[in-house]
Amino acid sequence: MKIVRTDSTNKDFMMLVKQLDADLAVRDGDDHPFYDQFNKIDSIKYAVVAYDENNTAVGCGAIKQFEPKVMEVKRMYVPVEQRGKGIAVEVLKELEIWAMELGNSRCVLETGIKQPEAISLYKKSGYRFIDNYGQYAGVENSVCFEKLLN
């Protein structure tokens with residue numbers, strides 16, 4: 001597997017995010033428009049795409065500055081047929097390394113309670129639950145996490 005650092009203009013990143021949004025529209029149902037407004041990718045400077053040995057895009061993720069020294073993890077996705085291969089773990093590790101290289105000491109993120117695979121990934125990757133932040137405060141279908149980077 002190869003992981004490439006890019007931005008949100010990358011065609012493979014855009015293709016994977018389109019698949020992610022289709023999946024989330026089903027999972028989130030009537031709540032999707034609320035979440036979708038916070039997931040626009042037109043200005044993401046820090047995105048990664050994972051490629052398999054055939055140079056097929058098999059996963060993605062992104063980070064964006066949330067506040068000084070804190071990056072927010074966004075747009076994590078691995079297609080269903082590619083899951084269980086450790087792709088998301090590697091994508092997340094690369095995003096954390098990049099966040100540290102950019103001078104950040106912490107990552108935060110939000111995911112939905114209807115995304116148990118994501119919750120499991122973040123827990124096993126050392127993230128801990130925190131109070132819902134920002135636009136997610138008081139949103140009962142959201143869970144937020146943080147990880148201190150070292």
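Any read-out appearing in this document is the output of simple, stated calculations on the displayed coordinates, not a laboratory observation. A quick note: this is a predicted structure, and the numbers were derived from the prediction, not measured. Glycine also receives a Cβ, built like all others from the backbone with ideal geometry; neighbour counts cover every protein chain displayed.
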- request: Would you mind finding the one in LYS74, LYS85, LYS93, LYS114 that is touching a strand residue (DSSP E or B) at 6+ places or on another chain (Cβ under 6 Å) and under 24 Å from MET14 (Cα atoms)?
  value: LYS74
message: Exactly one of these conditions fails for ALA118: (1) in contact (Cβ under 8 Å) with a residue 24 or more places away in the chain; (2) more than 16 Å from the chain's Cα centre (by Cα). Give me its number.
response: (2)
Condition met for VAL139 (among the aliphatic types (A, V, I, L, M) and in a loop (DSSP other than H, G, I, E, B)): yes
message: Could you check region 66-97 and list, in sequence order, the residues that are in contact (Cβ under 8 Å) with a residue 24 or more places away in the chain and more than 18 Å from MET1 (Cα to Cα)?
response: PHE66, LYS69, VAL70, MET71, GLU72, VAL73, LYS74, ARG75
- request: Report, by residue number, each residue of region 49-76 that is more than 20 Å from ARG128 (Cα to Cα) and assigned to a strand (DSSP E or B).
  value: VAL49, ALA50, TYR51, ALA57, VAL58, GLY59, CYS60
message: Going through VAL143, VAL80, VAL48 one at a time, which residue ends up being closer than 17 Å to GLN19 by Cα and either buried (at least 17 other Cβ atoms within 10 Å of the Cβ) or of a type in the set (Asp, Glu) (or both)?
response: VAL48
- prompt: What number of residues within region 99-114 satisfy the criterion of being surrounded by fewer than 19 Cβ atoms within 10 Å (Cβ to Cβ) and either assigned to a helix (DSSP H, G or I) or of a type in the set (S, T, N, Q) (or both)?
  reply: 3
